[in-house]
Amino acid sequence: MGLLDAATGGCEVDYAYSLLRIDSVVESATGGLTIVEGQSHLTTPRRPANPDGARLVATVFVPYFGDGRDAQVLLRRDAPRTVTVPQQHLLASTSARLRAGEEVRIVCWGDSVTAGGDATSDRASFPALVEHGLRTSGADARVTTVAVGGSNSAQWLGRSEEARCHWSRVAEARPHLVIVEFVNDAELDPKTWPGLYLDLKSRTKAIGAELLITTPHFTMASMMRFGHAVVDTDERPYTRFLRDFCHSEQIALADVSRRYEHLALEAVPYQTLLNNGINHPDDRGHALAAEEILACMGRNTPRPEGDES
């Protein structure tokens, strides 16, 4: 469309939009089933509250431009959730400082998710929640966020002209622990991952810091190469690489992806935790990441399953 001459007046634009919705199927105390309709939202609908005395049986996820036939039903199942196990033995120096009450400097290094997108405030971002969780437990923790939106680890390790993406920013913070989150690395050539992460490990060791790597949260289905909306197994090559790499190199791993895998069993459509509908978690998603990181450090107090607060 060309530029409009002001003298010609206004123009009309036709567009359409759609919303998401989560309905609940609940069972009453007498055994009857009822559908409770939820409130629609552009990206992050919540399931409706259960009526008094009712038990959640399933949720019905109504997607964009749904016609009723493409709604997805997620049964609520009482499968045990695998929480990241404590790995203090892989964070020996950091754990010792925490036990002794000494200052612990932590750098959360990554992309836009680490930078806080799309949390409602800085305090709701996962780096801030990690610091809060540690300080609440009595630790003298100082968390510094070193992150650039849209970046990947290759850019930070000397393969970019982007001035803000420079390893020196991590090193200059003099961290005792570096926490790594790069969901954008999933889009890199898989052949580059081993070299990048060995370089990352070497640089962290050279500055006297320990390393904790996080697996990526879930993003929109097309980015994850999934053709369906209900995902309870992360088959992304990048996730498998990180799990294998951390196991073989004896590096602490906070398995955020594993936590997202369990959401389907809790009848929570994972997409409804993406605030921008693409790749940025909402406050709940940031909280999940923080919980797994704290669990890895042996400091976790996880919320009950299905808690969407």
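The values are calculated or read from the model by the stated rules, or taken from the named source; none is laboratory data. Quantities reported herein were computed from a predicted structural model and do not represent experimental measurements. No Cβ is skipped: glycine too gets one built from the backbone with ideal geometry, and neighbour counts run over all protein chains shown.
Taking the numbered list (1) within 24 Å of the chain's Cα centre (by Cα); (2) modelled with pLDDT of 95 or more in turn, Arg164 passes all entries but (2). Give the residues of the range 228-276 that are exposed (fewer than 15 other Cβ atoms within 10 Å of the Cβ) and not in a helix (DSSP H, G or I), sorted by residue number. Matches in the range 228-276: His228, Asp232, Thr233, Glu235, Gln250.
Among all residues of the range 174-183, there is none that is farther than 25 Å from Ala119 by Cα and acidic (Asp, Glu).
For the structure I just gave you, tell me whether Thr204 is over 30 Å from Val60 (Cα atoms) and either outside the structural domain of Leu129 (by TED's automatic domain parsing) or surrounded by fewer than 23 Cβ atoms within 10 Å (Cβ to Cβ) (or both).
no
Looking only at residues of the range 221-241 that are free of Cβ contacts under 8 Å to residues at least 40 places away in the same chain and aliphatic (A, V, I, L, M), we find that the one that is farthest from Val183 (Cα to Cα) is Val231.
Counting only residues that are crowded, with 21+ Cβ neighbours inside 10 Å and in a helix (DSSP H, G or I), the range 134-153 holds 2 of them.
The set of residues in the range 27-64 that are at pLDDT 95 or above, more than 29 Å from Ile278 (Cβ to Cβ) and of a type in the set (S, T, N, Q) comprises Ser28, Thr34, Asn50.
Figure legend. Inter-residue proximity from the range 117-134: first residues farther than 17 Å from Ile179 by Cα, second residues of a type in the set (A, V, I, L, M), beta-carbon distance below 6 Å, spacing 6+ or different chains. Indicated pairs: Asp122/Ala128. For the range 220-239, the count of residues that are basic (Lys, Arg), within 18 Å of Thr84 (Cα to Cα) and either assigned by TED's automatic domain parsing to the domain that holds Glu266 or modelled with pLDDT of 95 or more (or both) is zero.
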